[in-house]
1. Based on Cα coordinates alone, diagonalise the gyration tensor for the stretch 194-243, multiply each eigenvalue by 5, take square roots, and list the semi-axes in whole Å, largest first.
2. Compute the distance in nm between two label points, each set 7 Å from the Cα along the Cα-to-Cβ direction, one at VAL136 and one at HIS199.
3. Among ASP121, ASP160, ASP218, determine the one that fluctuates most according to a GNM of the chain built with springs between C-alpha atoms less than 10 Å apart.
4. Before rounding to the nearest 500, sum -39500 (n - 2.57) across all DSSP H runs of length at least 4 in the chain and divide by the residue total; then give [θ] at 222 nm in deg cm²/dmol.
5. Can you work out the base-10 log of I(q)/I(0) for the stretch 1-160 at q = 0.15, 0.16, 0.20 1/Å, using the Debye formula on its C-alpha atoms alone?
6. How many percent of the accessible area of the stretch 1-118 is carbon or sulfur, using a 1.4 Å probe?
7. What is the calculated FRET efficiency for ASP103 to THR185, with r their C-beta to C-beta distance and R₀ = 51 Å, to the nearest 0.05?
8. Near ASP276, within a Cβ-to-Cβ distance under 15 Å, what is the net charge of the other residues, with Lys and Arg +1 and Asp and Glu -1?
Amino acid sequence: MKTALFDFDLPQENIALRPVNPRDAAKMLCVRGNGGLIDKTVLDLPDILEPGDVLVFNDTRVIPAQLTGRRGNASIGATLHKRIDLRRWQAFVRNAKRLKAGDTVDFGKDVEAIAEERLADGSFIFAFSGDEPVEVLLERAGTMPLPPYIASKRDVDEKDADDYQTRFARKKGAVAAPTAALHFTDRLMERLAARGIGHEMLTLHVGAGTFMPVKVDDTDAHQMHSEWGRIEADVAQRLNAVRANGNRVIAVGTTVLRLLESAAQADGTIGAYEGDTDIFITPGYTFRAIDGLMTNFHLPKSTLFMLVSALMGREAMLNAYTHAIGHDYRFYSYGDSSLLLP
């Protein structure tokens, strides 16, 4: 499909630079398969879902994966986005023309790494010096890797260390937050439980590739980024039981949806899963594992807008986004939410 089919105009003032407070006060646009649009808030979620439905969350935790250092006189920025092994990470590099394989970058605070290899996509593999776990080094020298559409408009600060983590964040490894879950609070979880709506956890370590624009004219030519994920066998069994009982599995975020679909069998059952996934979902895809999606509003011509268009239909999502822009919904990571029910 032509990438231009997924373009739309987004005013800059609709891009959220901070989350709302409290988090569950964010707006939520409910989009139904019949084309209906209903303006709600996230706190209304328990009244929209049915008892027996289950929400699935991603329990990944964002690490301070943004590093700034020097190679000689050159300033080098690195955003780690995928672990290779205990001491090596793949990273997108700012000012990459000043860096070559074999160079050492000093990131300050006794943190150094060798740029071992430049990959075909222009990123580098960095090997960190010393014996301390890389996560310890990042806590010392790194900053929270806010998305470029926020970081280009303001500096990262201490507030982001909390704002850019979900209440479910447990397992360190993501360099971007599973932002759909940023809206959930203790109050909301209590209301969901009282309504008989359950929840399950999986892990997908979100990579910085999630923000990479689609640069090709045709979606068939796009190389999707790869991310590591895990679904435990008991979680898969419980989710299969939910659907067997006639209830719905609602993915909270595109990361959850992509991993569930990666683990889905031909008959729609979900299996245990551990490994990388680079699934790229565009219109024409047949969904097997989920019955709905809660997600924020995405970038024009992004793989994520293509995904929601596959779930609900391209025209329906363009109409929903036009409605959202006209009603002052806030877009992207710190923005408002949508609930998509095919």
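1. Details: eigenvalues 213, 34, 28 Å².
Whole-Å semi-axes of the equivalent ellipsoid: 33, 13, 12.
2. Once both label points are built, they end up 3.3 nm from each other.
3. ASP121
4. Numbers: 9 runs with 74 residues, N = 342.
Roughly -6000 deg cm²/dmol at 222 nm, from the helical runs in the chain.
5. The calculated log intensity ratios at q = 0.15, 0.16, 0.20 Å⁻¹ are -0.96, -1.02, -1.26.
6. Details: 2740 of 5670 Å².
That fraction is 48 percent.
7. Details: r = 45 Å, r/R0 = 0.89.
The value I calculate is 0.65.
8. Numbers: positive: LYS82, ARG83, ARG230, ARG258; negative: ASP85, GLU227, GLU261, GLU274, ASP278.
Summing Lys and Arg as +1 and Asp and Glu as -1 gives -1.
The values are calculated or read from the model by the stated rules, or taken from the named source; none is laboratory data. As the structure is a prediction and not an experimental result, all values here were calculated from the model. As a convention, Cβ positions derive from the backbone with ideal geometry for all residues, glycine included, and neighbour counts pool all protein chains shown. In case anyone asks, the SASA skips ligands and DNA or RNA and just uses the protein heavy atoms, side chains included. Shrake-Rupley method; radii C 1.70, N 1.55, O 1.52, S 1.80 Å.
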